[in-house]
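Asker: Please read through the structure below; I'll follow up with questions.
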Amino acid sequence: MNRDKTCTLNIPGSMKVPKNQGEGSEPAILEGSGPFSLMPKVYEYVEPKPVQWSCCPGWIIFYLFCIEGISGALLLLYYCPTISEAYRSIQQITNILHYGWLIRGVHIWGVHLLVIAVVLHLAQKFISQGHRQVKRFPWIIGIVMMVLLSLFGATGHLLSWTQGSYWATTFITQLFAAIPLVGEPIKILIRGGNEISQITLSRFFALHILIAPIIFISLSRFHIVSANKSLIPSDLLFHVQILLVLIAVLFSLSTFFPPYIYPKADPFNSLLHIKPEWYFLASYETFLLLRKIHPNGQSLSVVLGILLHLGVLISLMVLPFFSSSATGEKQQRKFPALILCILGLLILLTLTLLGAYS
């Protein structure tokens, strides 16, 4: 019996050498072996492809959120979440630490750009009839993520423990007390008591750095996969350029327009004119207008304002359930959607300007 043939048959998983491989030829690389199996996948993403402009606003939100997470983690190295040390730690980060002002500026300006990107993304999807093209689940998740971003802004604003953040939080939480029956328990649950205290700061700190980010990351994974079938964009090189541009814009804004440190919170010195951040001014002005309509019924105006906000939110969430996905009908409704979107943005801009200059 041939000895070579016997050895070949007795070796499990033996490899056949191609017959055309002669002397001087290099050995063939086995398919699916070693790091070479990853190269086709890498080339697939690195190879230039047509840019999908419609997906850019959504990816910009994702990149800005990642930048917010990184800058926020760096700020946590020196931030102290106590009412006695919170303001001092903000001063130390801004004025003493090397490039602390830059990291804080990137974190604050990132919030502003994130809000603008969310509004543009929602408007772009509404105009392009995105709620008709995709399944209902990604659209609903996107609206919930938008609410979570509002929670990020509301909780993060108090962490600086300034006069504006303290009394703005007092005003916002006091609105819930106007709701009949359940309003006062909701206010106490949010504050951790009747007043804004250390418990309030601790709860907002936990919501801002742990609870809300975990929920947002979990939802964003389902939202991105449902809309794009992958967590990695196909035109990867173009998205790297977008990320570099975002970093350059944030660095420039932080350098030329550094964030200001307002006076420390003083519970015994109330502010007469309290205004929240600009992205909450439209809601703020809505409550003021309703109060002017019902000057003798403050509780009624607050309840109407809350119901109005909930109505807008619920209308956005149930929009896909009343939409047809037929291609012809979708094309016919693009123009009315554009008109409605422009009208909504004008109302939002008008309320924001009224809130800023009222």
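Asker: Pairwise over distinct Cα atoms, reciprocal of the mean inverse distance: report the Kirkwood radius of the stretch 99-243 in Å, one decimal place.
Answerer: This gives a value of 17.7 Å.
Asker: Give the relative contact order (percent, whole number) for the stretch 67-134; include only Cα pairs under 8 Å separated by 6+ residues.
Answerer: Relative contact order comes out at 32 percent.
Asker: Sort Val249, Val111 by accessible area with a 1.4 Å probe, largest first.
Answerer: Largest accessible area first, the list is Val249, Val111.
Asker: Return the whole-Å distance between the Cα centroid of the stretch 247-323 and the Cα centroid of the stretch 181-220.
Answerer: If we compute the Cα centre of each part, the gap is 17 Å.
Asker: May I pose another question? Given the protein chains as shown and a 1.4 Å probe, how many square angstrom of Thr82 are accessible, to the nearest 10?
Answerer: 50
Asker: A further question follows. Got a number for the accessible area of Phe251? Probe 1.4 Å, square angstrom, nearest 10.
Answerer: 100
Asker: Let me ask another. Could you sort His273, His112 by their accessible area in this structure, using a 1.4 Å probe and putting the largest first?
Answerer: His273, His112
Asker: Right, another one. How much solvent-accessible surface does Ile224 expose, in Å² to the nearest 10, with a 1.4 Å probe and all protein chains in place?
Answerer: The accessible area comes out at roughly 20 Å².
Asker: Right, something else. Using a 1.4 angstrom probe on the protein heavy atoms only, line up Lys264, Lys275 by accessible area, largest first.
Answerer: Lys264, Lys275
Asker: Relative contact order for the stretch 155-278: what is it in percent, counting Cα pairs under 8 Å that are at least 6 residues apart?
Answerer: Relative contact order here is 41 percent.
The values are calculated or read from the model by the stated rules, or taken from the named source; none is laboratory data. Because the structure is a prediction, the values reported are computed rather than measured. These accessible areas exclude ligands, DNA and RNA; they are computed on the full protein's heavy atoms, side chains included. Shrake-Rupley method; radii C 1.70, N 1.55, O 1.52, S 1.80 Å.
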